[in-house]
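**Q** Attaching a single structure in structure tokens format; questions to follow.
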Amino acid sequence: MSEEMRRFTHLPGDRAPGPDYSGPGVEAELTGRMPEGRPAERPERPERPERRGRPGRFEQPERGGGSYDDLYTARASSALGKVASDDGMLDVRIKAPGELGGPGGATNPEQLLAAAYASCFHNSLTLVAGRQGVPTSDATVDTSVTLRKRGTADDYTIATDLTVRLPGVEPEAARRLVEQAHGECPYSRAFMQGAEVHVHLA
């Protein structure tokens, strides 16, 4: 461990700084307090071997089996050119950008997805860095979401790109933290492995 990494080591009870929103999983792991009704213990994570690949690119690690417990469900509805959450915290107009032939002047699904992915990845980075006593108060995550089309048919897909900055953290340590965050971020895993999707007609 380098001298710089030793300097970052937290004493018991210390709290690693992070973004304003850190979610129940981050709060639980950094403070030792789980949401009500959930155990504080978590299984030991086996050490993963170093993976060498294309510089700056991170692959998704394999995960074990087992079922998932629901922690939180966000709900939103889209209608009449706007999208809103069921609790009213999100209520915005939606317009296609000029690049897609729209009027612009409002947000769009790609921007919302980019913001959500950046925030989620930042939270995962805070979590994995906090376990190792590395502060991330100066970290930033820039995310782009690109809408793509193939041929003349309505064959669309999206591509995402993340750039993470960790000022003051040694390059190798930063690379390791970003790789671990990519392996734990639910959005990264959904993009890499495919998310569970259910569509209903009401």
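The values are calculated or read from the model by the stated rules, or taken from the named source; none is laboratory data. Computed from a predicted structure; not experimentally measured. As a convention, Cβ positions derive from the backbone with ideal geometry for all residues, glycine included, and neighbour counts pool all protein chains shown. Ligands, DNA and RNA are stripped out before the accessible areas are found, and what is left, the full protein with its side chains, is counted by its heavy atoms. Shrake-Rupley method; radii C 1.70, N 1.55, O 1.52, S 1.80 Å.
**Q** Mind counting the residues in region 145-202 that are of a type in the set (D, E) and closer than 18 Å to E99 by Cα?
**A** The number of residues fulfilling the criteria is 2.
**Q** Also: List every residue pair whose Cβ atoms lie under 9 Å apart, where the two residues are 6 or more positions apart in sequence or sit on different chains, the first residue falls within region 73-100 and is within 23 Å of V197 (Cα to Cα) and open to solvent by less than 40 Å² (accessible area, probe 1.4 Å), and the second residue, located anywhere, is part of a helix (DSSP H, G or I) and not basic (K, R).
**A** V83/P109; V83/L112
**Q** Take G88 and tell me if it is in a loop (DSSP other than H, G, I, E, B) and touching a Pro at 6+ places or on another chain (Cβ under 8 Å).
**A** Criteria not met by G88.
**Q** Report whether or not S124 is under 28 Å from V178 (Cβ atoms), assigned to a helix (DSSP H, G or I), touching a residue at least 60 places away in the same chain (Cβ under 8 Å) and open to solvent by 40 Å² or more (accessible area, probe 1.4 Å).
**A** So S124 fails the test.
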